Amino acid sequence: MKQFFSFVKKEFYHVFRDSWTMVILLLMPVVQMILFGFAISTEIRNINVAIVAPEHDELTKMITDKLDAVDYFTVNGYFTSMEKLDEAFRQGDIDCAIIFGQAFEENLYSADGSSICLSVDASNSNTATTMAMYAQSIISDCIKELSPYVGAAGIAPDIKMLYNPQMKSSFNFVPGLMGLIIILICAMMTSVSIVREKEKGTMELLLVSPVKPLTIVISKMVPYMVMSFVNYLTILLLATTLLGVPVAGSFLTLSLLSLIYIITALALGLLISSATQSQLVAMIGSGMVLMIPVLFFSGLLFPVEGMPKVFQYFSWIVPARWYVTAAKKLMIQGLSFRYVLQEFIVLSSMAVLFITISLKSFKNRLS
Amino acid sequence: MAKVSVKNIGKRYNKTVALKDISFDADEGEIFGIIGPDGAGKTSLFRILTTLLLPTEGSAEVCGYDIIKDYVAIRKTIGYMPGRFSLYEDLTVEENLSFFASVFNTTIKENYHLVEDIYKQIEPFKDRRAGKLSGGMKQKLALCCAMIHKPEVLFLDEPTTGVDPVSRKEFWTMLARLKNQGITIIVSTPYMDEASRCDRIALINNGVFMKIETPQNIIGQYDKILCSVSADKTGKTKIIARIKSVDGVSDCYAFGDKIHIVLNDKDCILNLKKIFESDEICNITPTIEDCFMELNR
């Protein structure tokens, strides 16, 4: 145990005495927050839409068919009541819902007019805006076509942006950014720091000693684990105070989730380090293997739902995707633990898998 | 009983042969020198004996443990100082030493007497980062770190490379003291002049041990006549080429500011006197380097 602590102490010295490491560790979250403040919006596809209609009449059927025909939308459920709709939103089965008022077609010609409500999951503000826009234009097209004398002004859908009523893009990029920063700091820094020992020749000395690989490996993880947890708190603090991003769900659950994700990222860093021999390769390797998939497949820049199926399947092996999804549910939607159970299980198994492989592949000798 | 016993070790990297059929024994309290130029295979041999590399063929025992099977036991009982400075440059002298002490589950206090002689010399700089030390001090610190857990066998791979002559001399004095404590020291060096400080030396070139003997015997077994002439830097190669063409000269090479000439027999010296004034040429006793050159021819 004493041996382990002196290893950890040594690792902290390395981190604190390297001014560049410190700058990267402390400034990266702040810089990234500023950079990603300007999120990019893109067109989306495969929107799952639910129809809530108390009565099925010709007009509702027509709008439903028309939505289904457009390739942006897939009608994914018919509900008669609102309770089931909520559940479907939470499960992530649907992205938006069109709620028709009582006796929709009939009332269209009455003095009061009829009502239609468009509910959109706005956890991702970019997609929400786009979804609402698409749906709105289809609905008004239908109405114009069917009853030209009513006029476009006859009904205007009432749009409700769930979870993110002000449509702030920060709601989307903050969880994504946490996913990115954690993986960069944990994975890149650990892999580089292990490879540095190989490059400087100190690994040679450590190997010719009674130290167990587990001690070397775990002690390497500790400082970066602490650092990235500090960063997680920094981002969260900046996000809530400056950008007004809520932590609607439990802070404790979110922290636990982040901790598991941090461990997964550290284990990934170990894997990379066992495969590389120079700091440069480790750096580029981490960049390629970690940063790009995180940027593309975690929904940080582009919605995964808009990608071809192959890429959507690929995103399953990107740890950040699971983390970001769960973090959004916890922070923005304010869901409880049971809704992020799947992500917890996936991330935990990934961590176990990576650590096992990297310990197995830790070389006891020089290659 | 031999502390280190090597039998027919060979090492190949793909098709490149690094070591071929190496065998030797080193006893308790012996300084065994492995002398040879860069690229001769010294570091490969050290890495095999310190269990860092697997040999392609052959076997070896260190402190009675097999280097392949019992590598864990060997790692507890040996001290290793790699050829390249391999301590943490961002840690201070004291932090490095105390870290390596804890790696071997011991403390500086517990084994201070082992390193005292050496550590005292660098103790005034104990709060300085290791990276900021001079070459000689770095090597002293590295030796301390390799010694702190009371190893039975010390493997020192080129400990004096890049160290000034004064520090080199000090370093060998320290090794002699360690030897007196009963520690077996396997040391390699490219400097032939250090060979005389060893009990026995092995001359290695191109991965082959050419000879294993005491330094005195190696010199004693030299069976040629060796002469030396002074030479200016300019035109040295020209003069060497000219000497080589003289009858009875078997070899001729630059040696510091001198030229060494190897003659087949005594009478050949007369042939040389046609080129040089007789007082310019003198007979000399060979050094280890001369023996190495002769063996290598």
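Stokes-Einstein diffusion for region B:5-150 at 20 °C, viscosity 1.002 mPa s, with a Kirkwood radius from C-alpha pairs, works out to 128 µm²/s. Here, region B:120-163 has an Rg and a Dmax of 11.1, 30 Å when only alpha carbons are counted.
All distinct Cα pairs of region B:222-296 go into the 1/r average, and the inverse of that average, the Kirkwood radius, is 12.3 Å. Normalised by the number of residues in chain A, the average gap of Cα pairs under 8 Å and 6 or more apart makes the relative contact order 19 percent. Look at the stretch B:86-95: the mean tally of other chain Cβ atoms within 10 Å of its residues' Cβ atoms is 4. The alpha carbon convex hull volume per residue for region A:47-162 rounds to 90 Å³.
Put simply, region A:149-306 fits an ellipsoid with semi-axes of 43, 17, 11 Å; these come from the alpha carbon gyration tensor as the roots of five times its eigenvalues, largest first.
Once the C-beta distance of residue A:291 and residue A:74 is scaled by a Förster radius of 30 Å, the resulting FRET efficiency is 0.40 to the nearest 0.05. In summary, the aspartates and glutamates within cross-link reach of residue B:69, defined as a Cα separation below 13 angstrom excluding same-chain residues under 8 places away, comprise B:61.
Computed from Cα positions, the angle between helix A:58-69 and the longest principal axis of chain A comes to roughly 30 degrees.
Mind pulling up the Rg/Rh value for region A:193-265? Radius of gyration and Kirkwood radius, both on Cα.
Here the Rg-to-Rh quotient is 1.18.
Dipole magnitude for region B:4-219: about 420 debye, using +1 per Lys or Arg Cβ and -1 per Asp or Glu Cβ, origin at the Cα centre.
Report the equivalent ellipsoid semi-axes for chain A in whole Å, largest first, defined as the square roots of five times the eigenvalues of the gyration tensor built from alpha carbon atoms.
Its equivalent ellipsoid spans semi-axes of 51, 18, 16 Å.
Residues in region A:350-362 carry Karplus couplings, in order, of 4, 4, 4, 4, 5, 5, 4, 4, 6, 6, 5, 8, 5 Hz; the curve used is 6.51 cos²θ - 1.76 cosθ + 1.60 with θ = phi - 60°, and Gly or Pro positions show x.
Counting only GluC sites (Glu not before Pro) that DSSP places in a loop and that have at most 13 other Cβ atoms within 10 Å, the longest clean stretch of chain A runs over A:56-367.
Note on residue A:144: lysines with a C-alpha under 23 Å away, same-chain residues under 8 apart excluded, are A:61, A:66, A:160. Highest mobility in the GNM of chain A, judged by mean-square fluctuation with C-alpha springs under 10 Å and restricted to A:111, A:239, A:265, is found for A:111.
Give me the mean projected area, in nm² to one decimal, of the convex hull enclosing the Cα positions of the protein assembly as shown.
One quarter of the hull surface, i.e. the mean projection, equals 40.2 nm².
Once the Cα atoms are used to define both axes, helix A:251-275 deviates from the longest principal axis of chain A by about 50 degrees. Here the Karplus relation 6.51 cos²θ - 1.76 cosθ + 1.60, evaluated at θ = phi - 60°, turns the backbone of region A:238-243 into coupling constants of 4, 5, 6, 7, 8, 9 Hz, with x for every Gly and Pro. Residues in region A:110-120 carry Karplus couplings, in order, of 8, 5, 6, x, 10, 10, 9, 10, 10, 9, 10 Hz; the curve used is 6.51 cos²θ - 1.76 cosθ + 1.60 with θ = phi - 60°, and Gly or Pro positions show x. For region A:47-162, averaging the sequence separation of C-alpha pairs within contact (under 8 Å, six or more residues apart) and dividing by the residue count gives a relative contact order of 28 percent.
The mean number of partner chain beta-carbon atoms within 10 angstrom of a residue's beta-carbon across peptide A:11-21 is 2. Under a Gaussian network description of chain A, with springs only between Cα atoms under 10 Å, the residue in A:314, A:104, A:89 that fluctuates furthest is A:314.
For the protein assembly as shown, the antiparallel share of DSSP beta bridges with both residues in that region comes to about 55%. Taking B:237, B:173, B:184 in turn, the Gaussian network model of chain B (Cα-Cα springs below 10 Å) assigns the largest fluctuation to B:237. Structure note, pairs A:9/A:360; A:200/B:211; B:42/B:109; A:198/B:150: Cα-Cα distances above 30 angstrom occur for A:200/B:211; B:42/B:109.
What the Kirkwood sum gives for region B:8-48 is a hydrodynamic radius of 11.4 Å, with every pair of different alpha carbons counted. For region A:72-222, DSSP calls about 50 percent of its internal beta bridges antiparallel. Distance from the Cα centroid of region B:106-126 to that of region A:282-314 is 53 Å (rounded to whole angstrom). Using the alpha-carbon positions of chain B, Rg (one decimal) and Dmax (whole number) come out as 21.9, 69 Å. Label zone (residue B:176, point 7 Å along Cα-to-C-beta; backbone nitrogen cut-off 18 Å) within region B:126-156: none. Contact order, relative form, for region B:149-297: 21 percent (alpha carbon pairs under 8 Å, 6 or more residues apart, mean separation divided by residue count).
Every number here is computed from the coordinates shown, using simple stated rules; none is lab data. As the structure is a computational prediction, the values presented were derived from the model and not from experiment. Cβ sites come from the backbone with ideal geometry, for glycine too, and all protein chains shown count toward neighbours.
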